[in-house]
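One structure below.
The values are calculated or read from the model by the stated rules, or taken from the named source; none is laboratory data. It should be emphasised that the depicted structure is a prediction, and the values quoted were computed from it without experimental measurement. FYI the Cβ positions are ideal-geometry reconstructions off the backbone, even for glycines, and counts take in every protein chain you see.
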Amino acid sequence: MQILGIDVGGTGVKGAIIETATGKLTSERLRIETPSPATPESIGLTVKELVERHHWSGPIGIGFPAAIQHGVARTAANIDPSFIGLPVADHFSMQTSCRVWVANDADVAGLAEIRFGAGQGVVGVVLVVTVGTGLGTALFSDGHLLPNTELGHILLNNGLEAERYASEAVRDAQKLKWKDWGDRLNHYLLTLESLFWPDLIVLGGGASKKLSKFAPQITTRTPVVPARFLNRAGIIGAALFAEERLSLSLPRSESRA
């Protein structure tokens, strides 16, 4: 099955057509700058533009930077607060005239890594951490997802919210060297390790391809590996999520994976 996967991020909205049996892209990956302010109307128009540029009229999966409960956005990370309480699947369906399924962006990135990537076949607890504008997390136990963990918003023992301390956006804004930023990320990963005791930590997002630059700073007992799909995981996982919802004949408002 081919499904258009879309990843709504804090700086860019990306999309490609995915062959869900393999996780491979069958079209060019297109990226449009995230509009500012990132309101339901402006993001809807951006998603619509991606759909039109792909000449697409089939099912769509969207990874979205919010906790999604039964299709409704409950938080708004790096998007406009007016999304909170909005049935986003229905909203994007109206914008695109396509069937749309929406889930948390880190959750769908995790789905891609569990199905075809670095977490494939791993028994036990796998924690996927996406490092970008914020810090996203997806937690799996024997391949089963606990959705909407949103662990990028936990308070560290230094009193700071994790993603305001160790995200890639913070590294860029404060012009931190990889070593210094790696110490910050390690602080965050050690905190998660002490709470969940994962068997594997998978780092995704743009920073994952630079793991060698800060790997010496990582001191977790848990093995830490880069995501196989890097920053493509979101669009692949979004398509996989839509395929699963479609195959189960669940309504677009269903958000569990």
Residue by residue through region 200-213, note down the ones that are over 20 Å from the mean Cα position of the chain (by Cα) and closer than 19 Å to G152 by Cα. none
Condition first: surrounded by fewer than 24 Cβ atoms within 10 Å (Cβ to Cβ) and either more than 21 Å from I60 (Cβ to Cβ) or at pLDDT below 95 (or both). Now tell me which residues in region 90-121 satisfy that. A118, Q120, G121
Selection within region 230-257 - in contact with a helix residue (DSSP H, G or I) (Cβ under 6 Å, 6 or more places away or on another chain), closer than 19 Å to D90 by Cβ and modelled with pLDDT of 90 or more: A238, F241
Residue under question is W56, and the condition is that it be crowded, with 24+ Cβ neighbours inside 10 Å, more than 19 Å from G132 (Cβ to Cβ) and either modelled with pLDDT of 95 or more or of a type in the set (V, I, T) (or both); does it hold? no
Going residue by residue through region 215-234, is there one that turns out to be in a helix (DSSP H, G or I) and hydroxyl-bearing (S, T, Y)? no
Pick from L86, L145, L127: which is touching an Asp or Glu at 6+ places or on another chain (Cβ under 7 Å) and either touching a residue at least 40 places away in the same chain (Cβ under 8 Å) or aromatic (F, W, Y) (or both)? L145
Which pairs turn up if I take residues in region 67-83 that are under 17 Å from T149 (Cβ atoms) and look for partners that are of a type in the set (G, A, S) and part of a strand (DSSP E or B) with beta carbon separation below 6 Å, at least 6 apart in sequence or on another chain? I68/A103
Hey, can you tell me all the residues within region 68-77 that are more than 16 Å from T34 (Cβ to Cβ) and either buried (at least 21 other Cβ atoms within 10 Å of the Cβ) or in contact with a helix residue (DSSP H, G or I) (Cβ under 9 Å, 6 or more places away or on another chain) (or both)? I68, G71, V72, T75
Which of the numbered conditions does L156 fail, given that it passes all the others? Conditions: (1) surrounded by fewer than 18 Cβ atoms within 10 Å (Cβ to Cβ); (2) on the phi > 0 side of the Ramachandran plot; (3) in contact with a helix residue (DSSP H, G or I) (Cβ under 8 Å, 6 or more places away or on another chain). (2)
L50 being in contact with a strand residue (DSSP E or B) (Cβ under 7 Å, 6 or more places away or on another chain), in a helix (DSSP H, G or I), within 17 Å of M94 (Cα to Cα) and free of Cβ contacts under 8 Å to residues at least 60 places away in the same chain: yes
Those residues of region 196-223 which are crowded, with 21+ Cβ neighbours inside 10 Å and free of Cβ contacts under 8 Å to residues at least 60 places away in the same chain amount to F214
